[in-house]
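The values are calculated or read from the model by the stated rules, or taken from the named source; none is laboratory data. Predicted, not measured: the structure shown is a model, and the values here were computed from it. With ideal geometry, Cβ positions are generated from the backbone for all residues, glycine too; neighbour counts draw on all protein chains shown.
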Amino acid sequence: MVDPVLLIALPLLTAFLVPLVRRMWRPLGEALPLLTLLFNLGLAISYVPRALEKPIVVVIAGWKPPLGINLTIGPLGIFMAVLILFVAVLVAIYSIWYIREEPKERYCMLCLMLVTGSLGMVLTGDLFNLFVFMEITSISAYALTAFIRDRDGSEAAFKYLIIGSLASNFFLLGVVLLYSATGTLNMADLASKLPNVDPRITVPAVILMVVGLGVESEMFPLNGWAPDAYSMAPTPIGAVFGAIVVKGAVYALARVLYTIFNFQGIIHFLVIMGIITLLMGEMAALRQRQIKRMLAFSSIGQMGLILVALGLGTAGGLVA
């Protein structure tokens, strides 16, 4: 049985090997990202039967939860991993023809780092590593937004950077509040301890974490970065933002709300914000003349629909 840690470790390692391999043998260096993603996709698919039968818990460095770092691969988690890798493979194939000029290796490195972060977000079992993988994903996304070196791309990346940095700080502050009250960062352990924690700590914590993840989830009014980022980034990266980054953030939001917290108020809030996000996104899309901005606003609208389904709090809503 191949270690599931490879799902995260392999694209991360390949990201740093790409420049070296390209200097040694250019054809292999250019094919390496696609080969890695194809292997990872096959690996993720091989875990589907086991994950459907019973969640896979992988202990890293020998420290068992809740003390150590662990990956938790359940049915929804493995589905998200397969989806992320499938889209990444399609983007990698398209990028072979799309990105013909240098710095091609920098593009490949950033894409692999973004895939690494997104996979980590859906597979990690503790909040601090969720934050770490969020940062890996976000930093890669900022750089890819500004990949085409012009004024508009730099402005879009800077806007994304400012909003994303504030979101990360909000999320981290929420994590700190929970850790100070419970002494643990493991999601399952937190769920068992939170009922005994003062609501004056848990309520601000969940609000901070929802705001932090709401930026990457394109929740209104935290989605101001999305239209510019989608339209200024290279075309394949726009697909990555909509199909990988945002979906990973929504899944992380679902895990935080349903694994750790169970506040009816925040669930009703998600339904309301989802409806507003849906209406604002689709109405804005109708007014656009540039296709990439139209798709960006349409993506925002679709994320509103997903937030409504998430906020319903039913098994059908979560599966949808």
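Okay, here's what the table says:
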{"quantity": "Filter result for the condition that a residue is modelled with pLDDT of 80 or more and outside the structural domain of Ile78 (by TED's automatic domain parsing), over Leu278, Leu312, Leu318", "calculated": "Leu278"}
{"quantity": "Some residue of region 199-207 being closer than 25 Å to Phe147 by Cα and either small (Gly, Ala, Ser) or not assigned by TED's automatic domain parsing to the domain that holds Gln290 (or both)", "calculated": "no"}
{"quantity": "Matching residues, region 160-187, being among the hydrophobic types (A, V, I, L, M, F, W, C), in contact (Cβ under 8 Å) with a residue 40 or more places away in the chain and farther than 15 Å from Leu253 by Cα", "calculated": "Ile163, Leu166, Leu178, Leu185"}
{"quantity": "Condition met for Leu166 (surrounded by fewer than 18 Cβ atoms within 10 Å (Cβ to Cβ) and at pLDDT 85 or above)", "calculated": "yes"}
{"quantity": "Those residues of region 31-61 which are modelled with pLDDT of 80 or more, more than 15 Å from Thr14 (Cα to Cα) and aliphatic (A, V, I, L, M), in sequence order", "calculated": "Leu43, Ala44, Ile45, Val48, Ala51, Leu52"}
{"quantity": "Residue selected from region 130-158 under the condition farther than 15 Å from Ser95 by Cβ, crowded, with 20+ Cβ neighbours inside 10 Å and among the polar types (S, T, N, Q), by the criterion modelled with the lowest pLDDT", "calculated": "Thr145"}
{"quantity": "When residues of region 199-231 are limited to those that are over 21 Å from Ala296 (Cβ atoms) and without any contact (Cβ under 8 Å) to a residue 40 or more places away in the chain, the one nearest to the chain's Cα centre (by Cα)", "calculated": "Leu208"}
